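The values are calculated or read from the model by the stated rules, or taken from the named source; none is laboratory data. Computed from a predicted model, the values in this text were never measured in an experiment. Cβ placement follows ideal geometry from the backbone for every residue including glycine, while neighbour counts extend to all protein chains displayed. With ligands, DNA and RNA removed, areas are computed over all heavy atoms of the protein, side chains included. Shrake-Rupley method; radii C 1.70, N 1.55, O 1.52, S 1.80 Å.
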Amino acid sequence: MERRRIDVPPPTVPGFRPVPFTGVIYVMAEATKRGYAYGHPDWCNLGQGQPETGPLHGAPDRLCEVAITPADQEYAPVQGIPELRAAVAELYNQLYRQGKPAQYTADNVCICGGGRMSLTRTVAALGEINLGHFLPDYTAYEELLDIFRLFTAIPILLEGTDGYRFDVGRLEREITGRGLSALLLSNPANPTGRTIRGLELAGWVEAARRLDCTLLLDEFYSHYAWNATPDEEGLVSAARFVEDVDADPVVILDGLTKNWRYPGWRTTWVVGPRSVIDAVTSSGSFLDGGGSRPLQRAAIPLLDAGHVRRETAAIREAFLRKRRILVDGLRQAGMRLDLEPEGTFYVWADLSGLPAPLRDGMDFFRAAIEEKVICVPGEFFDINPGKRRSGRPSRFRSYARFSFGPDEAAVTEGVRRLVEMVRRAR
C-alpha cells in the first residue's frame, strides 16, 4: 500500500510528533522553494484559497488603515468585543431573518482569530459523539478530526457521478444509521463547489432539528453562491431557515476572510445558540485567549448590510467572469468536471483523461509548478484520518483543485500555461 501524503520530518527532540502540512500550505511551500513570492509577476497562484484583495468595480472602498486607540492596547474579551458581536448578529438578522420572531443577539456570536481558529474552538467543544463529515472537503478539517479524541469522526463519501449531491433522505439515513450527533461540512463546498440552498437547505435544517443532530456549517464562501436566485442576492446561509436561534442545532462559521476579501485580518465568528457560544468561548479561553481588539473594532463598519450587498454584487460580477475563463480553459486542456462550481471560487477537475504523465494530481502539480502555476492535488481533500493511517491511495488522486480567486490577468495567464503544458505532453 502506497503512502502519498506529505509529512514534515519528525522533530529531533523528544516528545513531538511529525505534523502533516495541509494541502495549501504544502503547495505554497513548494512554490516558495522555486522562487514564488506574493505578488510576483511571473507566477499564477491558482492554488491558494485566497480571493483577490484589491478594489473591484462597484465595491465599497477598501479599508487600508486602522486607527489604534489607547484602549486597543488591551486584551479583547475571549468572546470578542460586544460591539462587533452585536454587528454580526444584526447583519444576519438583516440579511436572513427579517420578519422572523427569533432574532440573533450579541450573545449568539463569538469572535475568533481566523477560520481555522473558529473551527478549532468549535471542534474542541464537542463531546463524546459520532461526528459525520464528507469526502472530499476542506483540507484543514483532517488534522482537526484526528487531534481531538473525544469524538469519533465518521467519513461519508460523496460521488462525482451525481455531482456530489446528498439529498435529505440520505442525510436522515446517515444520521440515524450511524448515530451522528453532529455533521461538519462546508457550504458552498470546498473543493467541489457544490452548494446547498433554498428548499434543499431548509430540508437539511429541518432534519437536523427533528433528529437532534447539530449542523456545523462552514459558510466562508456563502457570498460566492453562483446558483443563488435574485431574491437571495448572491447569498446563502442556513440562518435563513433557523426557527429558534437558541434551540435549533445550527452552528455557522464565517468571517472577513473570503466574503469580505480581508484574509489578513484574521477576524472571524461563530454564530449559534447561546449555550454553544458559551462552550466555544470557554474553549477559546485555553486555546488562544481571544483575537485582535483594534481589528475587531475596525471591522464593525464592514458589517453594515448595505456595504455587504455592494461587496457581494461586485464579487459576483468579477468572479463569474473568472469562473468562465477557468472552467472553459480547463476543459480545453482536456480535464473533465463532475460539476461546474455552484459556489466558491474553485474548480474541481478530473485529470484522468490527460496524457499519462499528467493524470495523477501530484504529478500534475509538480509539472505545473515548473510552469510557475500553482494548484492543489486532489488527494489533500481526502480528509479521512483512518485512510491516511492505512496507507491506502486516495480515490481523489486523479483530481486537482484550481482557484479563480486571483485577479483576472493571473487566471487567464495560468489557464494559457496549463493548456500549453498539456499540449506538449500529448
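Does at least one position in the range 132-142 carry a residue that is open to solvent by less than 40 Å² (accessible area, probe 1.4 Å), part of a helix (DSSP H, G or I) and among the acidic types (Asp, Glu)?
Yes, the range 132-142 has at least one match.
Would you check which residues across the range 105-119 are open to solvent by less than 10 Å² (accessible area, probe 1.4 Å) and either on the phi < 0 side of the Ramachandran plot or free of Cβ contacts under 8 Å to residues at least 40 places away in the same chain (or both) and list them?
Going residue by residue through the range 105-119, those that are open to solvent by less than 10 Å² (accessible area, probe 1.4 Å) are 108-112, 114, 118-119.
The answer is 108, 109, 110, 111, 112, 118, 119.
Answer yes or no: is there a residue in the range 280-289 that is part of a helix (DSSP H, G or I), in contact with a helix residue (DSSP H, G or I) (Cβ under 8 Å, 6 or more places away or on another chain) and under 25 Å from residue 348 (Cα atoms).
No, the range 280-289 has no match at all.
Does the range 221-266 hold any residues that are small (Gly, Ala, Ser), in a loop (DSSP other than H, G, I, E, B) and over 21 Å from residue 55 (Cβ atoms), and which are they? First the steps, then the outcome.
Residues of the range 221-266 small (Gly, Ala, Ser): 222, 225, 228, 234, 237-239, 247, 255, 264.
Next cut, in a loop (DSSP other than H, G, I, E, B) only: 222, 228, 234, 237, 247.
Within the range 221-266, 222, 228, 237, 247 meet the criteria.
Go through (1) within 24 Å of the chain's Cα centre (by Cα); (2) open to solvent by 10 Å² or more (accessible area, probe 1.4 Å); (3) closer than 20 Å to residue 139 by Cβ; (4) of a type in the set (D, E, K, R) for residue 321 and report which single condition fails.
Here residue 321 meets the rest and fails (3).
Within the set of pairs 6 or more residues apart or between chains, which connect a residue that is modelled with pLDDT of 90 or more and of a type in the set (A, V, I, L, M, F, W, C) inside the range 11-30 to a residue that is part of a helix (DSSP H, G or I) and surrounded by 17 or more Cβ atoms within 10 Å (Cβ to Cβ) with Cβ atoms less than 9 Å apart?
That search, which allows pairs on different chains as well, returns 27/365; 27/369; 27/380.
Can you tell me which of 171, 199 is out of contact with any Gly (no Cβ under 7 Å at 6 or more places or on another chain), in a helix (DSSP H, G or I) and open to solvent by 20 Å² or more (accessible area, probe 1.4 Å)? Please lay out each step first, then the result.
Details: 171 fails: open to solvent by 20 Å² or more (accessible area, probe 1.4 Å).
Sole residue among the options that is out of contact with any Gly (no Cβ under 7 Å at 6 or more places or on another chain), in a helix (DSSP H, G or I) and open to solvent by 20 Å² or more (accessible area, probe 1.4 Å): 199.
Give 104, 38 a once-over and let me know the one that is among the aromatic types (Phe, Trp, Tyr), out of contact with any Lys or Arg (no Cβ under 6 Å at 6 or more places or on another chain), part of a loop (DSSP other than H, G, I, E, B) and modelled with pLDDT under 95.
Details: 104 fails: modelled with pLDDT under 95.
Sole residue among the options that is among the aromatic types (Phe, Trp, Tyr), out of contact with any Lys or Arg (no Cβ under 6 Å at 6 or more places or on another chain), part of a loop (DSSP other than H, G, I, E, B) and modelled with pLDDT under 95: 38.
With the structure loaded, tell me whether residue 185 is without any contact (Cβ under 8 Å) to a residue 60 or more places away in the chain, part of a strand (DSSP E or B), out of contact with any helix residue (DSSP H, G or I) (no Cβ under 8 Å at 6 or more places or on another chain) and closer than 27 Å to residue 401 by Cα or whether it fails that test.
Details: without any contact (Cβ under 8 Å) to a residue 60 or more places away in the chain: yes; part of a strand (DSSP E or B): yes; out of contact with any helix residue (DSSP H, G or I) (no Cβ under 8 Å at 6 or more places or on another chain): yes; closer than 27 Å to residue 401 by Cα: yes.
Spelling it out, residue 185 is indeed without any contact (Cβ under 8 Å) to a residue 60 or more places away in the chain, part of a strand (DSSP E or B), out of contact with any helix residue (DSSP H, G or I) (no Cβ under 8 Å at 6 or more places or on another chain) and closer than 27 Å to residue 401 by Cα.
What number of residues within the range 336-353 satisfy the criterion of being over 20 Å from residue 188 (Cα atoms) and buried (at least 24 other Cβ atoms within 10 Å of the Cβ)?
Kept after step one, since they are over 20 Å from residue 188 (Cα atoms), are these residues of the range 336-353: 336, 351-353.
Add one more test, that the residue is buried (at least 24 other Cβ atoms within 10 Å of the Cβ), and what stays is 351.
Of the residues in the range 336-353, 1 are over 20 Å from residue 188 (Cα atoms) and buried (at least 24 other Cβ atoms within 10 Å of the Cβ).
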